[in-house]
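The values are calculated or read from the model by the stated rules, or taken from the named source; none is laboratory data. All values derive from a computational prediction rather than experimental measurement. Because the Cβ atoms are built from the backbone with ideal geometry, glycine has one as well, and the counts that use them run over all protein chains shown. SASA here: full protein model, heavy atoms, side chains in, ligands and nucleic acids out. Shrake-Rupley method; radii C 1.70, N 1.55, O 1.52, S 1.80 Å.
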Amino acid sequence: MNTITTLTEFILKEERRYKNATGSFTLLLTHIENAAKIIASHIKRTGLVDILGKTGAKNVYYEDVQKLDEFSNKLLVDLLSESGQVGYLASEELPEAIEVDKKGQYNIFFDPLDGSSNIDTNISIGTIFSIYHNDGNLLKPGKKQVASGYIIYGSSVMFVYTFGNGVNGFTLDPGIGSFLLSRPNIKIPDGKTIYSINEGYYNMYESSTRKYLDTIKKEENITARYVGSMVADIHRTLIKGGIFLYPRYTKKPNGHIRLMFEINPLAFIIGQAGGMAVSDKKNPLDITPQKLEQRAPIVMGSKNEVEKYLEYC
Ligand code: AHG
Ligand code: MN
Ligand code: MN
């Protein structure tokens, strides 16, 4: 009996559950999958092909753009525009959204390369995407997402996504160039020992955050893990349980992580896996964005850990 399920087979099976499905979503996800494979193959050759180092340009947040950032962004813009399924697309690397085809079925937001500061150090990085129905309004709350997901370029390349009925993970088999179902129906375990935050900002956090950190560090066998690529920190949290925190601090009074490009897609995944996400004690998926590049403080992970954190807010 064939126990192998490719991402394409899985999406098609999902599509058959919706009688009026047109194949549009499948086509869109297939274009994302193709982009992921091409980015993955480039990342594997980082340092060999000329995609290392900075381009000298600055992105909209006035941060140094790494070449792989640019390559990934351009690839996703091109492939998604050619898919025929996109109304508007917005990238963390672009100053505003691009109108591809007003009648396109879906709007897509993406962070083409998450964890850019880690590109040259062989540390896991990722791509994040968030999909909405196209009704012309781009500033919708995250609860209106149709689907979201990420690709993590780590010791293996994984494609993890939700369509609103659970979370499934697929591992790229480089030998056949296909993503194969490797982690069906992912459920986040209860948190026990892992917290993930940039402690370098400890003195700049609010007192409630510092009090929370001081207390949990007194617990038995508590462990700190912080990669600096949100996709990697969230993927570990999804698989092992725990809590990821990127609170506001004096230098980033509105938080650092982007609502549309990072928080909404990853909070949708965490929630679908039975976890919890909060931004200033609210569900971030309820926030109606005022602008595409809006940032927000974010805490997400195992429900029991996030509820414990809320006691300090
Ligand atoms: P990006 O590379 O897309 O800008 O995202 C980086 C984000 C996120 O991935 C990570 O959790 C966070 O920045 C790390 O920020 P600090 O270096 O301030 O900890
Ligand atoms: Mn990012
Ligand atoms: Mn990025």
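Across region 92-121, the qualifying residues are those that are modelled with pLDDT under 95 and of a type in the set (Gly, Ala, Ser), and the one among them that is most open to solvent (accessible area, probe 1.4 Å) is 117.
Does residue 197 fit the bill of being open to solvent by less than 60 Å² (accessible area, probe 1.4 Å) and more than 17 Å from the chain's Cα centre (by Cα)? So residue 197 fails the test. Cβ-Cβ contacts under 9 Å between residues 6 or more apart (or on different chains), taken from a first residue in region 97-116 that is within 16 Å of residue 262 (Cα to Cα) to a second residue that is in a strand (DSSP E or B) and modelled with pLDDT under 95, are listed as 113/66; 116/64; 116/65; 116/66. Within region 118-145, residues that are assigned by TED's automatic domain parsing to the domain that holds residue 34 and away from ligand 3 (no atom under 16 Å from the Cβ) sit with their Cβ atoms under 6 Å from residues that are small (Gly, Ala, Ser) and open to solvent by 20 Å² or more (accessible area, probe 1.4 Å), at 6+ positions apart or across chains, in these pairs: 138/97. Among the residues making up region 256-286, those that are surrounded by 20 or more Cβ atoms within 10 Å (Cβ to Cβ) and either among the hydroxyl-bearing types (Ser, Thr, Tyr) or part of a loop (DSSP other than H, G, I, E, B) (or both) are 273, 275, 279.
Contact map, region 219-241: first residue within 16 Å of ligand 3 (Cβ to nearest atom), second residue part of a helix (DSSP H, G or I) and open to solvent by 50 Å² or more (accessible area, probe 1.4 Å), Cβ cut-off under 9 Å, separation 6 or more or different chains; pairs are 228/117; 229/117.
Check 76, 80, 89 and return the single one that is more than 16 Å from ligand 1 (Cβ to nearest atom), at pLDDT 95 or above and under 26 Å from residue 181 (Cβ atoms).
80
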